[in-house]
1. Among (1) outside any helix (DSSP H, G or I); (2) more than 18 Å from Tyr57 (Cβ to Cβ); (3) modelled with pLDDT of 95 or more; (4) not hydrophobic (A, V, I, L, M, F, W, C), there is one condition Lys106 misses while meeting the rest; what is its number?
2. For residues that are among the β-branched types (Val, Ile, Thr) and buried (at least 18 other Cβ atoms within 10 Å of the Cβ), tally how many sit in segment 289-309.
3. In segment 274-289, which residues are within 19 Å of Glu247 (Cβ to Cβ) and of a type outside the set (A, V, I, L, M)?
4. Just name the residue that is farthest from the chain's Cα centre (by Cα) out of those in segment 44-67 that are within 13 Å of Leu79 (Cα to Cα) and outside any strand (DSSP E or B).
5. Does Leu120 qualify as being over 23 Å from Val202 (Cβ atoms), surrounded by 22 or more Cβ atoms within 10 Å (Cβ to Cβ), touching a residue at least 60 places away in the same chain (Cβ under 8 Å) and not hydroxyl-bearing (Ser, Thr, Tyr)?
6. Could you pull out the residue among Arg208, Arg272 that is modelled with pLDDT of 90 or more, under 19 Å from Leu79 (Cα atoms), surrounded by fewer than 19 Cβ atoms within 10 Å (Cβ to Cβ) and out of contact with any Leu (no Cβ under 6 Å at 6 or more places or on another chain)?
7. One residue is enough: does segment 297-308 have a residue meeting the conditions over 22 Å from Leu87 (Cβ atoms) and more than 18 Å from the chain's Cα centre (by Cα)?
8. Please pick out the residue among Ser104, Ser84 that is within 29 Å of Gly228 (Cα to Cα), in contact with a helix residue (DSSP H, G or I) (Cβ under 6 Å, 6 or more places away or on another chain) and surrounded by fewer than 22 Cβ atoms within 10 Å (Cβ to Cβ).
Amino acid sequence: MMKRSLPALATAVLLTGGVAAFACANWPRGTMSSERSAENDANRSYRLSVGDAEIEYTDRGEGEPIFLVHAGVFADWFLPLSDSRELSGFRVIRVRRAGYGSHSPKGHLTLADHARHVRLLAAHLNISRLHYVGHSSSCQIGLELTLAAPALVKSLVLIEPAAGGGFAVPAVEKLAIDPRPGMTAAAAGNFAPAFEAFLKGVAGENIREIIQAKLGKDGYERAIQESGFFFRDEMPAVLESKFGPGEGKRVTQPVLNIQGGAQPTHTVELARQITERTETLLPQTETVVIPGGGHALPLQAPDALGRAIAKFVRQHE
């Protein structure tokens, strides 16, 4: 096994994103109920206790259930996608993972724990079959879910899988990003330097503009505050994760791998290697490249992303 330096390990994990242990003031609150609102208001949020933590979700629309499980760093990666008309013919459940809301988890959460939470939510909603959409580290969460509950997962959409765990590739070493100064600042409660260093490394120097264009300035500030959980908990979770050829053989569901076609120069080779690794581990994978975005694709091209997901899901209803 290739030995990896601390900067390289942490750089790999930056592609996972992270979650926060802080409340998001603008995340609308709702009551937990197994009955759905007649309005199916996409902005109405529900809470669900999952034993060791709490998750939140929105639930709107009718049709094949699609679970949008966000990447790390902040929780609103999938907000524009969940609002896209391209998914109007489906029941769309957007999940805010444990660690991102107002209640901190009781202990360390593995990626398998996050997968278990999705499984509990599906049971709570009486959903026996679902289409899973993940981004970055939540792609690995989707694979954990599929291994643990293969009958539940009908298909998998993996958007820009994170280069961590079994998806670690040599190109990560060449990014040459040293996250230690940012990590030190985050440990002292100053998340902004770490937030910016990680996301600029993944999505390019204009990540602030990308986020603010879809989530506003307040959304950008919230995202910074939400990033604390990444440095404390999700980084080790991704490093602990393992998904190799043996696990890949157990995943028989259709898989759609989506990559952005407008990568920053320094991540072009990384994206190519991640696609190659995904197609090697999961030979049934279909790959689609969407122009106009990179690792921040859910914010950069949500409608194009929605069209690709809708087409894939309809093929595997």
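The values are calculated or read from the model by the stated rules, or taken from the named source; none is laboratory data. Only a predicted model underlies this, so the values are computations on that prediction, with no experimental measurement involved. Using ideal geometry, Cβ is built from the backbone for each residue, glycine included, and neighbour counts are taken over all protein chains shown.
1. Single failed check for Lys106: (3).
2. 2
3. Looking only at segment 274-289, we keep the residues that are within 19 Å of Glu247 (Cβ to Cβ), and these are 274-285.
Of everything in segment 274-289, those that are within 19 Å of Glu247 (Cβ to Cβ) and of a type outside the set (A, V, I, L, M) turn out to be Thr275, Glu276, Arg277, Thr278, Glu279, Thr280, Pro283, Gln284, Thr285.
4. In the first step, residues of segment 44-67 are kept if they are within 13 Å of Leu79 (Cα to Cα); the result is 44-45, 57-60, 67.
Keeping just the survivors that are outside any strand (DSSP E or B) gives 44-45.
Numbers: Arg44: 21, Ser45: 18 Å.
Restricting to residues being within 13 Å of Leu79 (Cα to Cα) and outside any strand (DSSP E or B), the top hit is Arg44.
5. Against the criterion (over 23 Å from Val202 (Cβ atoms), surrounded by 22 or more Cβ atoms within 10 Å (Cβ to Cβ), touching a residue at least 60 places away in the same chain (Cβ under 8 Å) and not hydroxyl-bearing (Ser, Thr, Tyr)), Leu120 does not qualify.
6. Arg208
7. No - not one qualifying residue is present in segment 297-308.
8. Details: Ser104 fails: in contact with a helix residue (DSSP H, G or I) (Cβ under 6 Å, 6 or more places away or on another chain).
Checking each option against the conditions leaves just Ser84.
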